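Accompanying notes for the structure given below.
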Amino acid sequence: MAKPTGIARLSKGLIGRLMMVVVVIHAILVPLLFIGVLYIVKQGYESLFINQVRSESHMLAVLAGRDLRPARLQTLFEEVALSGSVVFWEVADTSGQTIARAHGSDVRTNFKEDFFFDEYGDTVYYVSVPVNDDASMLRGVLRLGYDETPTQEQIDNTYHRGFYLAIGYI
């Protein structure tokens, strides 16, 4: 009868069995750890984006509420558009009539408010906020669309880096 060699001989001893258990545990738990960390990072990026968008939207609604003349609104949102993150905006009065509006050529114009990141798969996060005057009287509604692409690219880059790191570790 031939003597076992290599892995067969190693796996028969206690040390060999322990080594195999450690390798199997690492092969299972390390990828799960990386997946969990990447999920947490993704949620963080999305939450940060939504919080920033909602904060900026409320600030813009306050600025828009001070003077609802179309020319002034146009100037205000031309300045905002320089950031590149706002790809759609519209101000409507309390009766629903549009006072001022602008959007990029690749943005849909049927407004549907988002509550989650990438909710409708359109790469634009739509938000609606009330526009009040200085006396807190409702003057209208501000609807904005923010580009989700830069945040999605950050998430994708994080996934790629995490994948390469996990492969390198294994």
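Structure above, values below:
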{"read-out": "Cβ-Cβ FRET estimate between Thr149 and Gln43, R0 fixed at 22 Å, reported to 0.05", "value": "0.75"}
{"read-out": "Heavy-atom accessible area per residue - the chain, 1.4 Å, Å²", "value": "66"}
{"read-out": "Value of [θ]222 nm, deg cm²/dmol, for the chain, DSSP H segments ≥ 4, -39500 (n - 2.57) each, nearest 500", "value": "-19000 deg cm²/dmol"}
{"read-out": "Rounded percent of accessible protein surface that carbon and sulfur make up, the chain, 1.4 Å probe", "value": "62"}
{"read-out": "GNM flexibility winner over the chain from Val80, Val21, Val62 (Cα, springs under 10 Å)", "value": "Val21"}
{"read-out": "Summed side-chain charge close to Leu142 - residues other than Leu142 whose Cβ falls under 14 Å, Lys, Arg +1, Asp, Glu -1", "value": "0"}
{"read-out": "Residue with peak Gaussian network fluctuation, the chain [Cα springs, cutoff 10 Å], from Val41, Val91, Val124", "value": "Val41"}
{"read-out": "Rg ratio (alpha-carbon, reference 2.2 N^0.38 Å) - the chain", "value": "1.72"}
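The values are calculated or read from the model by the stated rules, or taken from the named source; none is laboratory data. Please read all numbers here as calculations on a predicted model, not as lab measurements. Every residue, glycine as well, gets a Cβ built from its backbone with ideal geometry; the counts of neighbours run over all protein chains shown. Only protein heavy atoms, including side chains, enter the accessible area calculation; ligands, DNA and RNA are left aside. Shrake-Rupley method; radii C 1.70, N 1.55, O 1.52, S 1.80 Å.
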